[in-house]
Amino acid sequence: MVTKIFYIIITVLFYFLAKKINRKKPGLLFSPIILTPVMLIVLLLIMDIPYKEYANGTFPINKLLDVVTVALAIPLYRNWSFLVKNWRVIVCSLAAGSLIAVVSGILFTYLLAMGKDYMLSIIPRIVTIPIAVSLSESIGGTPAITVLFSMLTCFVGVFIGPTIMKHFSIKHPLSIGMMYGLGAQALGTAKAFKIGEKEGTTSSVSYILTAIFTVIWALILTPFIHTLNV
């Protein structure tokens, strides 16, 4: 019991330390989402602590994700009329955006001759990780590769998001929310909520719909990929 409390406390302390460092050194490389895991990995290696033991000890923190997910229903309720008013734009944009993301990923791996395994593994990269892993397994991809590309997509989306908004003068809450939801999933949603409630709500709906559309495109395109000679 004491060990589990230690793991929880050290995880929370590392997170707040990472936030403090990020305030002094803003940027992707010094963001808490990167610094906290790095510090924890170093600690586990130095103290020779098995990851499974650490994961079991911090299980209560992982369960908080369920609470956060349910909590998203509150801003969803508050902004329901805004979403309903723009539902056609949201659905059409996300359907097209997810298709472009899936096809571009397939073409990228095909042109680089990376093989079918990478083709199938990169398809779910724009989907939130739990769903991405399940989708990758179901279509014959490698979950580890999928997780890697999914995390990279999140980081890049959050990192270049502000630059894109500034360069193209994107100010509408709907556009900002869909951009972060489609391009950076849950991490982008957290970023969107910092901008505004409408942006965050649109982002949360966007990454859920993106997952649905990506599953559809994956099921349609997977048979075609299996026929390729690469």
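The values are calculated or read from the model by the stated rules, or taken from the named source; none is laboratory data. Note that the coordinates shown come from a computational prediction; the quantities given were computed from them, not determined experimentally. Positions of Cβ are backbone-derived with ideal geometry, glycine not excepted, and every protein chain shown enters the neighbour counts. Ligands, DNA and RNA are stripped out before the accessible areas are found, and what is left, the full protein with its side chains, is counted by its heavy atoms. Shrake-Rupley method; radii C 1.70, N 1.55, O 1.52, S 1.80 Å.
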Report task. Give the carbon-plus-sulfur fraction of the accessible surface of region 135-213 in %, rounded to a whole number; probe 1.4 Å, heavy atoms of protein chains only. Result -> 71
Report task. Please give the net charge around PRO143, taking every other residue with its beta carbon less than 13 angstrom from that of PRO143, where Lys and Arg add +1 and Asp and Glu add -1. Result -> -1
Query raised in the report: Once the whole set of protein chains is in place, how much accessible area is left on PHE168, using a 1.4 Å probe, in Å² to the nearest 10?
Result: 140
Report summary line: Rounded to the nearest 500, the 222 nm mean residue ellipticity computed for the chain from DSSP H runs (n ≥ 4, each -39500 (n - 2.57)) alone is -27500 deg cm²/dmol
Query raised in the report: Over the chain, what relative contact order in percent results from Cα pairs under 8 Å that are six or more residues apart?
Result: 18
Query - Residue-normalised accessible area of region 1-49, given per residue in Å² at a 1.4 Å probe - result: 73
Report summary line: Expected field for LEU64, accessible surface area in Å² at 1.4 Å probe radius, rounded to 10, holds 100
**Report entry** 10 Å binning of all Cα-Cα separations within region 66-227, expressed as whole percents from 0 upward
**Finding:** 12, 40, 33, 14, 2
Query raised in the report: Near LYS194, which lysines are there with a Cα under 30 Å away, not counting those fewer than 8 places off in the same chain?
Result: LYS19, LYS20, LYS24, LYS25, LYS63, LYS85, LYS166, LYS171
Report task. Please turn the phi angles of region 34-51 into ³J(HN,Hα) values with the Karplus equation 6.51 cos²θ - 1.76 cosθ + 1.60 (θ = phi - 60°), one per residue in order, whole Hz, x for glycine and proline. Result -> 9, 5, 4, x, 4, 5, 5, 4, 4, 4, 4, 5, 5, 8, 6, 9, x, 4
Requested in this report: Using θ = phi - 60° and the Karplus relation 6.51 cos²θ - 1.76 cosθ + 1.60, list the HN-Hα couplings for region 83-91 in order, rounded to whole Hz, with x at every Gly or Pro.
Outcome: 5, 4, 4, 10, 5, 5, 5, 4, 5
Report summary line: On the accessible surface of region 1-49, probed at 1.4 Å with all protein chains in place, carbon and sulfur together account for a percent value of 76
Report summary line: Computed ³J(HN,Hα) along region 120-130: with the Karplus parameters 6.51/-1.76/1.60, θ = phi - 60°, integer Hz and x for glycine or proline, the list is 6, 6, 8, 4, x, 4, 8, 9, 4, 3, x
Query raised in the report: If you roll a 1.4 Å probe over the heavy atoms of the protein chains, what accessible area per residue do you get for region 66-227, in Å²?
Result: 52
Requested in this report: Among ILE212, ILE34, ILE129, flag the residue with its Cα farthest along the positive direction of the charge dipole of the chain, charges on Cβ as +1 for Lys/Arg and -1 for Asp/Glu.
Outcome: ILE34
Query raised in the report: So how strong a dipole does the chain carry about its Cα centre when Lys and Arg Cβ are +1 and Asp and Glu Cβ are -1, to the nearest 20 debye?
Result: 840
Requested in this report: Name the residue farthest towards the positive end of the dipole of region 66-227 from the options SER169, PHE108, PHE193, assuming +1 on Cβ of Lys and Arg, -1 on Cβ of Asp and Glu, about the Cα centre.
Outcome: SER169
